[in-house]
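Since the structure comes first, as structure tokens, the remarks are kept for the end.
The values are calculated or read from the model by the stated rules, or taken from the named source; none is laboratory data. Remember, it's a predicted structure, so these values are computed and weren't measured experimentally. Ideal geometry is used to build each Cβ from the backbone, glycine not excepted, and the neighbour counts take in all protein chains shown.
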Amino acid sequence: MPTVAYLTNQFPAAVEWYVVEEIRELRRRGTVVIPCSSRRVSRAVPEFLDLEQETLYLEPVRWGLLLAALWKCLTKFPLIADLVARALAAPGQSLSRRARTLLHTILGSYYALLLRGREWSTSTFTTGTSRHGSRWWQHACSAFPSA
């Protein structure tokens, strides 16, 4: 049975009800879904409380785990070297954008460590986030599947 880590910016958000529907549909089709979110919503919609309780949150940051994620990026650097090279050499990108891309790579490793032991499949990693930062998280998580 496939397992999907579904990554969002803020979950479960009432304005992004489609994410809840996607997760529920994936589950109806037999996929195990691990909801993940960068931040908690200030007030969860009552019908989403079950999803809120099972969501794996990035915040509050576990500093020891974040340091372990940074260490993993440094010790496994060959696995992400192409990603880092593309981030640093991206034409037309500001220094700030490049720094955020590298930070997202470390956060991807952090998510991989949070997901450790949950038997998730990197080939079915799904993001509910927008903008290009999500692909960097996916790449970093894929580089460290067993974290």
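Some notes on this structure:
- The single condition among (1) in contact with a Gly (Cβ under 6 Å, 6 or more places away or on another chain); (2) of a type outside the set (D, E, K, R); (3) at pLDDT 90 or above that Val19 does not meet is (3).
- Region 23-37, subset of a type outside the set (A, V, I, L, M, F, W, C) and crowded, with 17+ Cβ neighbours inside 10 Å, residue farthest from Tyr110 (Cα to Cα): Thr31
- Identity of the residue in region 103-118, among the small types (Gly, Ala, Ser) and in a helix (DSSP H, G or I), that ends up farthest from Leu83 (Cα to Cα): Ala112
- All positions within region 1-22 that are part of a loop (DSSP other than H, G, I, E, B) and crowded, with 16+ Cβ neighbours inside 10 Å: Phe11, Pro12, Ala13
- Here Ala69, Ala99 are screened, and the one residue that is modelled with pLDDT of 85 or more, in contact with a helix residue (DSSP H, G or I) (Cβ under 6 Å, 6 or more places away or on another chain) and among the aliphatic types (A, V, I, L, M) is Ala69.
- The numbered conditions (1) surrounded by 12 or more Cβ atoms within 10 Å (Cβ to Cβ); (2) among the hydrophobic types (A, V, I, L, M, F, W, C); (3) not in a strand (DSSP E or B) are all true for Leu49 except (1).
- Matching residues in region 24-42 - criterion: being β-branched (Val, Ile, Thr) and under 16 Å from Tyr57 (Cα atoms): Val33, Ile34, Val41
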